Structures are given as structure tokens and as C-alpha cells.
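Following: one structure in C-alpha cells, then a few remarks.
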Amino acid sequence: MEGFRFFHFFYLLVMKKIFFSLIAFISFAISLAQNTSYWQQHVDYKMDVVMDAKKYQYKGTQELVYTNNSPDTLKRVFYHLYNNAFQPGSEMDARLQSIIDPDARMTIKTKNAEGKESKESRIAKLKPDEIGYLKISNFKQDGIVAVIKEVGTILEVNLPQPILPGKSTLLTLDFDGQVPVQIRRSGRNNAEGVEFSMAQWYPKIAEFDFEGWHADPYIAREFHGVWGNFDVKITIDKEYVLGGSGYLQNPNEIGHGYQDAGVTVTYPKKTKNLTWHFIAPNVHDFTWAADKNYLHDVVKTNFGTTLHFLYKNNPKIIDNWKKAEPLTAQLMQFYNQTVGKYPYDQYSVIQGGDGGMEYAMCTLILGEGTFDGLIGVIAHEMAHSWFQHVLASNESKHGWMDEGFTSYLEDLGMNEIAEKKVENPHEGSYNGYFYMVKSGKEQPQSTHSDRYDVNQVYSITSYSKGDIFLSQLGYLIGKENLLKTLKKYYADFKFKHPTPNDIKRTAERVSGANLDWYLTDWTQTTNTIDYGIKDVLENGTTTAITLERIGRMPMPIDLSIEYTDGTKESFYIPLRMMSFTKENPNPEIHRTVLNDWAWAHPTFTFSINKPKTDIKKITIDESGLLADVNKNNNSYPVAVGKK
């Protein structure tokens, strides 16, 4: 009997180990499945382009190996033909004529017979030799002719054979393009005389992801692209100097400052044209600019990235550009430390475009303004390299994730290099947001970027309110947790097209806080934050303080009390739905953590063991990081002149 008991015990022990091993294996398998459920498409571009610089026209061939990593069978694909937007009657032209505050760069001021001033679309006035276009021909899939249809800035392609999940196909085409007069981002002969700003210049396949195709017409806003590798050859008159995305493969044939020290330029002097060969690995776009009068400076850094600066040989701007070079290196190093390492070996700052716009491994910016303006634009556009050209969220749907997070990093960077530091470098974004709220024109951040009624509202919502999403997140979970969140977000989602839920979940994983309410209220509604000090009532030797929630959006509350004897203490009221207590942001000041405040209760009352006469001042959120739309009721006593 004892032997049976021992055997039975041994049997149960073995089976128990097998059971838990099986459970562990199943859990591992489920975890692995969850970790590998993400997919994204992949492209390999090979383009050969010849530019007729006198006519501003170009011809090219494109070979595109498209890998379908989705679970879907694709019977159609879509391409962007961005150049077609710069034609009279295009959707971009129509939008300029209908929106109440059209982009000033894209309009001209006119007066009617009565002298009334108005703005007219520059696109509407383009002549045939000034418009932009991309014409596609000879489209084939694996050598078989496909049926194509041009619809404005989109090319619809019915494939002769479907692309199965996990399979690749070769898509080939010929294209004819004309560089438009510079109106927005891309074009020729911009306001500062740069001859070619070649952005959005080639047939670019649209993104297909878990939401489906993103074949948005080019109306005004930003972009979304497929990760891949670019092999591009550009043949142009040898007098031009080029800069842009990718690494130049033939510097010894080109010269113009690209060759390494000691390398002899080998092209024959009688050559009319040169072919520039670039390789750009793991990017989702390819941009270049060219001018006969570019100066080219190369700056080596101590963190592994070589910086290139291309700007006009204009005596009025050379000093500013030279002064900007070390600061650009300083900014990039700060961005590396704050978010994560810039993954490419090269970055170029190029004079061109119509303001400032980020592209893969480079930016195009205007260069004739003040030094402060120049370095400010560089700081912003280069910060995009992390949030748009490494993380690459969908700008059309979630512009605030790109522009806002970029603005946040820019603010930190500009404060870092400033002679005089400020406590809150994001104050300008808060002021812009408050202005928009008071205007009554705000739309949710979840609005598609082309659907805003007013351009100004799009800008404030994406840049300023997007900036505040992060700075206010620091108010919620603490500055250290915010910085950890940024680094983890970048490390986990680089080259993966993150969505709004990804930044929220990253912050939750880092801090342990529940933040679904924050993402919902801040980005999907126009709910505002408004807390006030309602009553301060003395009850003998104690004082009861009552706060009220006036706005719809809930928040935890940091409150400080300064006493007449010069001492100070703080109180923290957690938000119940957040299930989190923040670390004391000012450890040198004693803090009391009060009971949590549930959103459904409009007021919250607590008492202090001091008479009212001992209180000098009570303040909600001394940090200024809480985006409370009415500061007038945030302090006691109310400041003179405020009610």
C-alpha cells in the first residue's frame, strides 16, 4: 500500500509538472503569436531618372518589388501621383478656393473693381508649362500588362494576377514628369531662387496596413508611406549640385564636395551630364534638391552621424548657415539622448522648398531669414526624423502624433541650447491651445487632416495640442516616467507605424497608470479641463477647501498652499479612474496624498489644520503643465482684476 501511495504521489507530481509545462508552453505560444501578429508591407524601389533642366521635365523608369506581408490577397494596388495636384481644377486647387484661410504661400492677393481685397489660388493661374504632372505608361506586373486608371493624384491599378499573402511581385512602369512652379513643398525656382525642390516627385505606392489602403488624394496635408529600400539614379546637367535622401554611391565621379579627402574626381571635363547614384535603406520616401549655386559643407560629429549642409552661395546667408552647423550637431546629440539614436549615418539640411518640411534623411528649408528663425526651423524639421521618419505614424489621420511630438522635442531642444533656460518650454503651445478653445472652432484631434474647417485650427490642434499631449502626460505620470515612455516608445515602435493606442499603452506599461480616459478625452473629443477653487471656509482652527470640476475632462490635481509664516506644503488628489499615485514632483516640499476624486462627483472637499487667516495663497497646478482653460479660478485669493 505504501508503494502504491508513493507511486500515486510520484505520478501526480509528474503529471502536475507536465500540466504546468504545457500551460507555460501554451502561454508562450500565445505571447509569441501576439508579438508576431504585427505585419507591414515592404518595397524595394529602383529608379532611373533623366532630368531636362531647361524644360523642367523628366523621364524615368521604376522597378518596384512589392512584398505582401498582410493576410490579404491583393487584387489592386494604388500609387500617389502628387505632382498632379498642381494643376488648375485639382482638389488642392478647389480646397484653396473654398477654405476661409488658405495658405498664403499658395495664394495671391487681388482687388476687385470696388477695391475689395481677396486671395486667389496660384494653382488656378498656372500655365501648361508651369503645372506639375506625372504620366504613367507601360505598367506591368511580372511582365504582364496591367489596367491602370488615373484619378487626380491617385493611380488605380487592376493587377493581372493577385498578390497572395507572403508573396512578392515585380511592378514596373515608365513615367513622365513636369516640375511645377514652386507653390507647396515641391517645385522649381522657389522664393529664394533654388532651382529644384524635388519632393513627392515620383510614382509612390500607397500604404496598405491593418486598416486597408491609404490612398488619400493630395489636397494639402502630410504623407504616409511604405518602408523599403531605394536605389535611385538621377542624370542631370553636371553644373548642378544635388543633396537629399540616401548615401551617394559614386562621389569620385561627382565631386561637388561629396568625395572623400584625397579622392580624385574622375569624370571627363567634356561630359555634359552626370548621373548621381543614391542608396537609401529602410526609408518610406525619397527626396532631392538641386541648384547650380549650392555650397556644400560636411560636418563630422562625435556620435557617428555626418551632417551635410547645402545652401546658396549668397553672402547674406553664409554666416548664419555656418553658425547653425555646430548647433545642429548639438541638437541632434540631444535628440539622441532624449528619444533614441538616429539610425542613419547621414543627415542633410538643404535650402529649398517653401518653408520647412521633413523628408527621409534630410529637410528642405528656407534659408534667408534671421539666424534664430533658421535654427528654429532646423530644430523642428530635424526632430521629425525621429517621429515621422523613424516611427512614421499616419500623418493624415494622426497629425498630432508627428507634428505635436516633434514640437515637444523641438521645445526641449531649443531650451537646451538657449542661453537662458525657461521652466516650461511648451508655454507657447499652451497659449495657442487656449486661443483655439476660446475661438469655438476646435475640432477633435481624431479629425482627418484634410477635413478641418480652418487651416489654423488644424495647425494648433496638430502642433500645439499634440505638444501638450506629451507635456501634460508628464503632469500625469511624472517627468521621469514621461522620458522613459518616450525612449521605450521609440525603441519598441521604430520602423513600425505606431498608432495613438501605442503611445498610450507604452505610458501605461512604464508608469502603471490607467490612461485610456486621457487618450479618449484629449484626442477624440473637444472636452476641456477646467478646475476651480470654489470655497475656502474656516471652521474654528481648521479650514475646509472645496474644489470644483467645471470642464468635462477629468484630471488629478496638484495643489499647493503657501502660509503667512512663509512655509509651504502641497496636496495631491489622485483621479480614481487613473488608479495611480504620482511621485512627488517637488520632494523638497512636504506633500499629502488625499483620497481619490471620482469624475462623477463635481466637487471635492478636504480640510487642513490651519485657520483661514494663516493661508496666504492656494494654487492649482503651479507647474503650468495642466491645460486648464480658465486660470482665473485656479488660485485663492483671486488675483486683483480677475474674477
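The values are calculated or read from the model by the stated rules, or taken from the named source; none is laboratory data. All of these numbers come straight from a predicted model, not from anything done at the bench. Positions of Cβ are backbone-derived with ideal geometry, glycine not excepted, and every protein chain shown enters the neighbour counts. These area figures cover heavy atoms from the full protein model, side chains too; ligands, DNA and RNA do not enter into them. Shrake-Rupley method; radii C 1.70, N 1.55, O 1.52, S 1.80 Å.
When Rg is the radius of gyration of the Cα atoms in the range 513-582 and Rh is its Kirkwood radius, what does Rg/Rh come to? The partial results should precede the final answer.
Numbers: Rg = 15.1 Å, Rh = 14.2 Å.
Ratio of gyration radius to Kirkwood radius: 1.06.
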With each label point set 7 Å from Cα along the Cα-Cβ vector, what nm distance links residue 73 and residue 211? 2.7
Rounded to whole angstrom, the alpha-carbon centroid of the range 328-377 lies from that of the range 381-404 at a distance of 14
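How much accessible area per residue does the range 247-363 have, in Å², with a 1.4 Å probe?
Values: 4770 Å² over 117 residues.
Each residue of the range 247-363 exposes 41 Å² on average to a 1.4 Å probe.
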Tally Lys/Arg at +1 and Asp/Glu at -1 over every other residue whose Cβ is under 9 Å from the Cβ of residue 573; what's the total? -2
Counting only residues 5 or more places away or on other chains, whose amide H sits under 5 Å from the amide H of residue 592 once H atoms are built in the peptide plane? 570, 571, 572
Rolling a 1.4 angstrom probe over the protein chains, ignoring ligands and nucleic acids, what is the accessible area of residue 308 in square angstrom, nearest 10? 20
Go through 314, 40, 298 and say which Cα lies farthest out towards the positive end of the charge dipole of the chain; charges sit on Cβ, +1 for Lys and Arg, -1 for Asp and Glu. 40
Top to bottom by accessible area (1.4 Å), largest first, where do 328, 447 land? 447, 328
Quick check: the angle from helix 2-35's long axis to the longest principal axis of the chain, C-alpha only, nearest 10 degrees? 50
Hydrodynamic radius (Kirkwood) for the range 481-540, which is based on Cα pairs only, to one decimal in Å: 14.0
Using alpha-carbon coordinates alone, the radius of gyration and Dmax of the range 367-434 in Å work out to 12.8, 37
Under a cut-off of 17 Å between alpha-carbon atoms, report the lysines in cross-link reach of residue 610, not counting same-chain residues fewer than 8 places apart. 568
Using Cα pairs under 8 angstrom and six or more residues apart, how large is the relative contact order of the range 359-444, in percent? 22
Residues with amide H under 5 Å from that of residue 205, placed H, sequence gap 5 or more: 80
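Under a Cβ-Cβ cut-off of 14 Å, what is the net charge of the residues other than residue 495 that fall near it, where Lys and Arg count +1 and Asp and Glu count -1? Write down the numbers at each step before the final one.
Values: positive: 341, 494, 496; negative: 207, 209, 285, 492, 502.
Neighbourhood net charge equals -2.
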Rg [Å, one decimal], Dmax [Å, integer] - the range 427-545, C-alpha atoms: 17.6, 63
Heavy-atom surface of the range 524-622, accessible at 1.4 Å and reported per residue (Å²): 50
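Compute the normalised compactness of the range 500-643: alpha-carbon radius of gyration over 2.2 N^0.38 Å, N being the residue count. Can you show the working numbers first?
Values: Rg = 15.9 Å, N = 144, 2.2 N^0.38 = 14.5 Å.
After normalising by residue count via 2.2 N^0.38 Å, the value is 1.09.
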Just to be sure I follow the rule: in the range 225-335, considering lysines 8 or more places apart or on different chains, how many pairs have Cα atoms under 19 Å apart? 16
Relative contact order of the chain, defined on C-alpha pairs under 8 angstrom at six or more residues apart (%): 9
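Give, in whole angstrom and from largest to smallest, the semi-axes √(5λ) of the equivalent ellipsoid of the range 190-342, with λ running over the eigenvalues of the Cα gyration tensor.
On the way: eigenvalues 155, 99, 60 Å².
Taking √(5λ) for each Cα gyration eigenvalue gives 28, 22, 17 Å.
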Largest first and in whole Å, give the semi-axes of the range 361-507's equivalent ellipsoid, each being the square root of 5 times a Cα gyration tensor eigenvalue. 21, 20, 17
Under 13 Å from a label point 7 Å along Cα→Cβ of residue 417: give me every residue in the range 334-374 with its amide N that close. 334-336, 349, 371-374
Read through the labelled values (1) 49, 35, 25; (2) 42, 34, 27; (3) 54, 30, 22 and report the label of the one computed as semi-axes √(5λ) of the Cα gyration tensor in Å from the structure. (1)
List every residue whose amide H lies under 5 Å from the amide H of residue 454, counting only residues 5 or more places away in sequence or on a different chain, with H placed 1.01 Å from N in the peptide plane. none
Over the range 315-436, one equal point on each Cα, no solvent: what is log10 I(q)/I(0) by the Debye formula at q = 0.19 Å⁻¹? -1.11
Under 19 Å Cα-Cα from residue 109, which lysines qualify once same-chain neighbours fewer than 8 residues away are excluded? 119, 125, 127
Crossing angle, helix 479-493 versus the chain [Cα axis fit, 0-90 degrees, rounded to tens]: 40
Can you give the angle from 0 to 90° between the axis of helix 427-439 and the longest principal axis of the chain, with both taken from C-alpha atoms, to the nearest 10? 90
How long, wide and thick is the range 79-164, going by the Cα atoms along their three principal axes, in whole angstroms, largest first? 61, 27, 17
Out of the total accessible area of the chain (probe 1.4 Å, heavy atoms of protein only), what percent is carbon and sulfur? 52
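Ranked by accessible surface with a 1.4 Å probe, highest first, in what order do 258, 572 come?
On the way: 258 30, 572 0 Å².
Putting 258, 572 in descending order of accessible area: 258, 572.
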Just to verify a number: what accessible area does residue 577 come out at with the full protein assembly present, 1.4 Å probe, Å² rounded to tens? 80
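For the cross-link pairs 55/204; 421/488; 441/617; 397/438, which exceed 29 Å when the distance is taken from alpha carbon to alpha carbon? Kindly include the intermediate steps, with their values, before the conclusion.
Values: 55/204 23 Å; 421/488 27 Å; 441/617 35 Å; 397/438 25 Å.
The pairs that break the limit, which is 29 Å between Cα atoms, are 441/617.
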Going highest first, how would you order 57-63, 71-77 by mean Cβ packing within 10 Å? 57-63, 71-77
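Can you tell me the accessible area per residue over the range 150-218, all protein chains present, probe 1.4 angstrom, in square angstrom? It would help to have the intermediate numbers written out before the result.
Working: 2140 Å² over 69 residues.
Per residue, the range 150-218 has an accessible area of 31 Å².
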For the range 564-638, take N as its residue count and report Rg(C-alpha) divided by 2.2 N^0.38 Å. 1.18
Rounded to whole Hz and in sequence order, give me ³J(HN,Hα) for the range 596-613 from the Karplus expression 6.51 cos²θ - 1.76 cosθ + 1.60, θ = phi - 60°, writing x for Gly and Pro. 6, 10, 7, 4, 5, 7, x, 10, 9, 10, 9, 10, 10, 8, 9, x, 4, 5
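When you count, for each residue, the other Cβ atoms within 10 Å and take the mean per peptide, how do 450-460, 173-183, 116-126 rank with the highest first? List each step's numbers first, then the result.
Details: 450-460: 17.7, 173-183: 21.5, 116-126: 15.7.
Ranking, from highest mean packing down: 173-183, 450-460, 116-126.
Hey, can you rank 358-364, 472-478, 273-279, 164-170 by average C-beta count inside 10 Å, highest first? Could you put the intermediate results ahead of the total?
On the way: 358-364: 27.0, 472-478: 21.7, 273-279: 18.9, 164-170: 13.4.
Per-residue Cβ counts within 10 Å, averaged per peptide and sorted highest first, yield 358-364, 472-478, 273-279, 164-170.
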For the charge dipole of the range 499-643, defined by +1 on Lys and Arg C-beta atoms and -1 on Asp and Glu C-beta atoms about the Cα centroid, which residue among 518, 623, 600 has the Cα displaced farthest towards the positive pole? 600
Can you tell which of 586, 225, 367 lies farthest toward the positive end of the dipole of the chain, using +1 and -1 charges on the Cβ of basic and acidic side chains (Lys, Arg; Asp, Glu)? 225
